[in-house]
């Protein structure tokens, strides 16, 4: 009889122990980041401005449609060429959910004009139809601007 009592006590203690363990919760989603991601993932975009240290180089990307996928894939295609890359939005300062702290990251593993887009861009403005970005170069201190607009 004592063995049965010990089994019940052990079962109760095990149940209490298991119920007191809490699952580590994911941090709350950043609403500003989610809004930008949702906008980008819902359509086809084009570059309407690419200015590299004061020089307008937008024409290098004319005719290309950009698609931002939810898995982080970035595709640029113009009917003949397809260029694959990645994109992400990261929080450079987790103190708040401000757009000022978000970095827009682009990476194309190529050695052509698309390589110039490989940066961690600061978000200037964002709407459902337009994303304006800026990057200050660490090398020469020049400022680059990049604007995507929804087609």
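In region 19-41, the residues that are within 14 Å of residue 131 (Cβ to Cβ) form Cβ pairs under 9 Å with partners that are in a loop (DSSP other than H, G, I, E, B) and modelled with pLDDT under 60, at six or more places apart or across chains, as follows: 32/97; 32/98; 33/97.
Test of understanding: among 133, 102, which residue is surrounded by 14 or more Cβ atoms within 10 Å (Cβ to Cβ) and at pLDDT below 95? Lay out the reasoning, then the answer.
Details: 133 fails: at pLDDT below 95.
Sole residue among the options that is surrounded by 14 or more Cβ atoms within 10 Å (Cβ to Cβ) and at pLDDT below 95: 102.
Filtering region 39-65 to residues that are part of a strand (DSSP E or B), surrounded by 15 or more Cβ atoms within 10 Å (Cβ to Cβ) and touching a helix residue (DSSP H, G or I) at 6+ places or on another chain (Cβ under 9 Å) leaves 46, 47, 49, 50, 51, 52. The residues of region 66-88 that are in a strand (DSSP E or B), over 19 Å from the mean Cα position of the chain (by Cα) and surrounded by 12 or more Cβ atoms within 10 Å (Cβ to Cβ) amount to a single one, 77.
The values are calculated or read from the model by the stated rules, or taken from the named source; none is laboratory data. None of these values were measured; they are calculated from a predicted model. All Cβ positions, even for glycine, are placed from backbone atoms using ideal geometry, and neighbour counts span all protein chains on display.
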